[in-house]
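A quick write-up on the structure given underneath.
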């Protein structure tokens, strides 16, 4: 009885990933046919059986309003980033770039992933290193003419962290950010992180 319950729980936890793999397979083939569906299911069974990933700890809290804010802000930043990169390339003079260290304040894999992906997809910056233990992202960013621009880029990435926490983080994470939590790296260095 207990074994069947744990299998059912595992099935429900894996179901969204499984369905995403089937949809992805059909999109890759560009077909919405029965053959693509059946082969997608077979590939998804193979992938989920042989390449087990650790389960991502979800908060169980999704705020649709802040999810929409995240999405709309992302599109606006996408356009702004494209225009900034275009200007940086077309303007006379050398292109200035920097490697920026961005310490995150929330100790969560899912939040770190959201922040890294959003930061990398916006033109003009890309994550080149992620220190998972200390929750630090290292970005390569162009258009960095001085230290003020570097600080502004660091703040933009930390705002992505705030948006991600508001959309899918736990209430405790949201409270910690609102109370001014410091970087996880500082807590790890002090020996106080879990």
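The values are calculated or read from the model by the stated rules, or taken from the named source; none is laboratory data. Quick caveat, the model's predicted, so the values are computed rather than measured. Neighbour counts are summed over all protein chains in view; Cβ atoms, including those assigned to glycine, are modelled from backbone coordinates with ideal geometry.
The figures follow:
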item	result
Candidate set from segment 157-171 (those that are more than 15 Å from residue 69 (Cβ to Cβ) and at pLDDT 90 or above); member that is surrounded by the most Cβ atoms within 10 Å (Cβ to Cβ)	157
Checklist (1) under 15 Å from the mean Cα position of the chain (by Cα); (2) surrounded by 17 or more Cβ atoms within 10 Å (Cβ to Cβ); (3) under 21 Å from residue 189 (Cβ atoms) applied to residue 132, failing item	(2)
Test: residue in segment 125-142 that is touching a residue at least 12 places away in the same chain (Cβ under 8 Å) and part of a helix (DSSP H, G or I)	no
Conditions (1) touching a strand residue (DSSP E or B) at 6+ places or on another chain (Cβ under 7 Å); (2) more than 13 Å from residue 101 (Cα to Cα); number of the one not met by residue 143	(1)
Wholly enclosed helices (runs of 4 or more DSSP H) of segment 21-122 bearing at least 1 residues in contact (Cβ under 8 Å) with a residue 60 or more places away in the chain, surrounded by 11 or more Cβ atoms within 10 Å (Cβ to Cβ) and touching a helix residue (DSSP H, G or I) at 6+ places or on another chain (Cβ under 8 Å)	64-90, 109-121
